[in-house]
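Asker: Would you mind keeping the following structure in view while I ask a few things?
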Amino acid sequence: MLEPQSRSIDLPGVELSADLRLPVNTRALVIFVHGSGSGRTSPRNQYVADVLARRGLGSLLFDLLTGPEQRMDNLTGELRFDIPLLAKRLIQVIDWARRDPELRALRIGLFGASTGAAAALVAAAERADAVAAVVSRGGRTDLAGPALVRVEAPTLQIVGAQDPLVLGLNDQIRRVLRCEQALEVVAGATHLFEEPGTLEEVARLAGDWFEKYLLVSKPSTDCLPPHTPNG
């Protein structure tokens with residue numbers, strides 16, 4: 001297991017904590033965007049990051065909210081659905097990574113969960129020149145709104161078969177996205193992918209997607225028609 005490095009991300013008016021994994025000679029960085037009420041220490045995202053590291057993919061897990069913001073959100077639940085705020089923070093982190101001497105040469109992918117997936121798609125639309133691939137895990141991609149039609153990065157939505165609300169929403173978004181994309185349904189999985197073997201399947205699917213678009217190919221910026229969903 002590749003032990004993460006602790007990093008501090010200094011942004012205008014805010015400082016965010018982060019964990020960075022950089023396999024030797026990696027050419028890609030997957031930035032994780034956690035979901036509702038979660039943070040960089042999410043065991044599910046940490047697991048996926050470890051799997052990606054074994055496949056030669058770097059990762060950056062960071063807290064979207066400051067300590068005081070997180071405490072307020074724990075009480076009110078308001079900030080976790082503030083997609084403009086979350087997307088703004090993510091865009092600032094993408095810009096920070098592109099300036100960082102250690103990271104700026106790496107191709108960037110985004111891995112978003114729950115409401116974080118909406119922020120990832122908004123950021124992908126706003127930084128189309130920087131974001132080369134997006135993966136959503138149980139994502140509220142519908143919350144990305146008008147930004148969806150501007151997403152150019154190849155996008156994979158992964159959803160549990162036993163998560164009917166999000167599955168229905170992801171299927172609708174599949175029809176809205178104009179970029180190269182796919183919908184993968186994990187059998188037996190509920191929203192948090194807590195069932196045996198389901199998170200492993202998420203990590204496999206995400207790893208395949210990021211390898212294809214971050215390490216192997218450099219896809220055209222032209223968007224393609226939607227794919228038929230699998231499963």
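The values are calculated or read from the model by the stated rules, or taken from the named source; none is laboratory data. All values reported here derive from a predicted model rather than from experimental measurement. Backbone-built Cβ (ideal geometry, glycine too); neighbour counts: all protein chains shown. SASA here: full protein model, heavy atoms, side chains in, ligands and nucleic acids out. Shrake-Rupley method; radii C 1.70, N 1.55, O 1.52, S 1.80 Å.
Asker: Once you sort the root eigenvalues of the Cα gyration tensor of region 1-86 as a ≥ b ≥ c, which label holds: rounded (a/c under 1.5), prolate (a/b larger than b/c) or oblate (the other case)?
Answerer: prolate
Asker: Please compute P(r) over all alpha-carbon pairs of region 1-155, binned at 10 Å starting from zero, and give each bin as a whole-number percent.
Answerer: Calculated over all Cα pairs of region 1-155, the distribution is 12, 45, 36, 7, 0 percent.
Asker: Out of the DSSP beta bridges found with both residues in the chain, what percent are antiparallel (nearest 5)? The partial results should precede the final answer.
Answerer: Numbers: 11 of 38 bridges.
Percent antiparallel among DSSP bridges in the chain is about 30.
Asker: Solvent-accessible area per residue for the chain at a 1.4 Å probe radius, Å²?
Answerer: That works out to 43 Å² for each residue.
Asker: How large is the dipole of the chain about the Cα centre if only Lys and Arg carry +1 and Asp and Glu carry -1, each at its Cβ, rounded to the nearest 20 debye?
Answerer: 480
Asker: On to the next question. Where in the chain is the longest stretch that carries no GluC sites (Glu not before Pro) classed as loop by DSSP and with at most 15 other Cβ atoms within 10 Å?
Answerer: Answer - 103-193.
Asker: Sticking with this one: Take the Cβ-Cβ distance between Glu15 and Lys212 as r, set R0 to 41 Å, and report the resulting FRET efficiency rounded to the nearest 0.05.
Answerer: E(calc), rounded to 0.05, equals 0.75.
Asker: Sticking with this structure for a sec: Summing Lys, Arg as +1 and Asp, Glu as -1, what charge do residues with Cβ under 13 Å from the Cβ of Phe193 carry, Phe193 excluded?
Answerer: -3
Asker: Right, something else. Counting other Cβ atoms within 10 Å of each Cβ, which trypsin sites (Lys or Arg not before Pro) in region 1-39 have at most 10 and sit in a DSSP loop?
Answerer: none
Asker: OK, next. With a 1.4 Å probe and all protein chains left in place, how much of the accessible area of the chain comes from carbon and sulfur atoms, in whole percent?
Answerer: Working: 5170 of 9920 Å².
Answer for the chain is 52 percent, counting heavy atoms of protein chains only.
Asker: If r is the Cβ-Cβ distance from Ala105 to Ala128 and R0 is 25 Å, what FRET efficiency results, to the nearest 0.05?
Answerer: Efficiency at R0 = 25 Å is approximately 0.85.
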